[in-house]
Amino acid sequence: VIGDFLIPTIRYAIFMIVYQMVFGRDTPQIATQGLETIYGGVGNIVGNAIPLIAITTSYIGVGLAQQSNSREFLRLKKPVAWVLTTVPPIMIYLLGVKNFADVLAFAGDTGDLLAFIILPILIMLTRKISK
């Protein structure tokens, strides 16, 4: 278990140190996009493909987990759980939030709101109604 945490952490730390050494203060917000300045067009493709794949697979994994939680704990039907899981990120994008850090901040705030405020209230209401 420790190795499963340490190996990616060390690799990421090395990756970030190398990028900071190469680009300094000019490091782009999404570091892999800096590959274009070194490798040209191929670097641009690879530099954008890596975060796209990472974000997409993360979105799919978190989305499926959230949908499953909504169905299991809130007893929502699959279409309703799907809408609650899918529509908010699409709305964020359509509202013009294009900055990756802003999207992460909004997603974190929304997740915290759901996990620590709305979900406990719904659980409490469900218990009161079922009694």
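Roughly speaking, what is the stretch gain from residue 128 to residue 50, that is 0.36 nm per residue apart minus the C-alpha to C-alpha distance, in nm to one decimal? Don't skip to the answer; put the middle values down first.
Numbers: separation 78, 0.36 × 78 = 28.08 nm, distance 4.73 nm.
So the chain would gain 23.3 nm between residue 128 and residue 50.
Within 10 Å of each candidate Cβ there may be at most 13 other Cβ atoms; applying that plus a DSSP loop requirement, which trypsin sites (Lys or Arg not before Pro) in region 19-124 survive? Spell out each step's value before the answer.
On the way: sites: 25, 71, 75, 77, 98; in loops: 75, 77, 98.
Those that pass, being in a loop and sparsely packed, are 75, 77, 98.
With a length cut of 27 Å (Cα positions projected on each helix's long axis) and a Kyte-Doolittle mean of at least -1.0, go through the chain and give me the DSSP H helices that pass.
Details: long enough: 2-23 (31 Å, 1.45); 41-73 (47 Å, 0.51).
Those that pass (Cα extent of 27 Å or more, hydropathy at least -1.0) are 2-23, 41-73.
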request  = Show which lysines lie in cross-link reach of residue 77 when reach means a straight Cα distance below 30 angstrom and same-chain residues fewer than eight apart are skipped.
outcome  = 128, 131
key: Test item: Cα-centred dipole of region 2-130, Lys/Arg +1 and Asp/Glu -1 on Cβ, debye   = 620 debye
key: Signed unit charges on C-beta, dipole axis of the chain, positive-most listed residue 40, 53, 118   = 118
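Counting each DSSP H run of 4 or more residues in the chain as -39500 (n - 2.57), what helix-only mean residue ellipticity at 222 nm follows after dividing by all residues, to the nearest 500 deg cm²/dmol?
Details: 6 runs with 103 residues, N = 131.
My calculation for the chain gives -26500 deg cm²/dmol from helical runs alone.
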remark   = Quick numbers on the chain, Rg and Dmax over C-alpha atoms in Å, give 19.5, 65
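Only the coordinates and a few stated rules stand behind these numbers; no lab work does. Note that the structure is predicted; figures quoted are calculated from it, not measured. Glycine also receives a Cβ, built like all others from the backbone with ideal geometry; neighbour counts cover every protein chain displayed.
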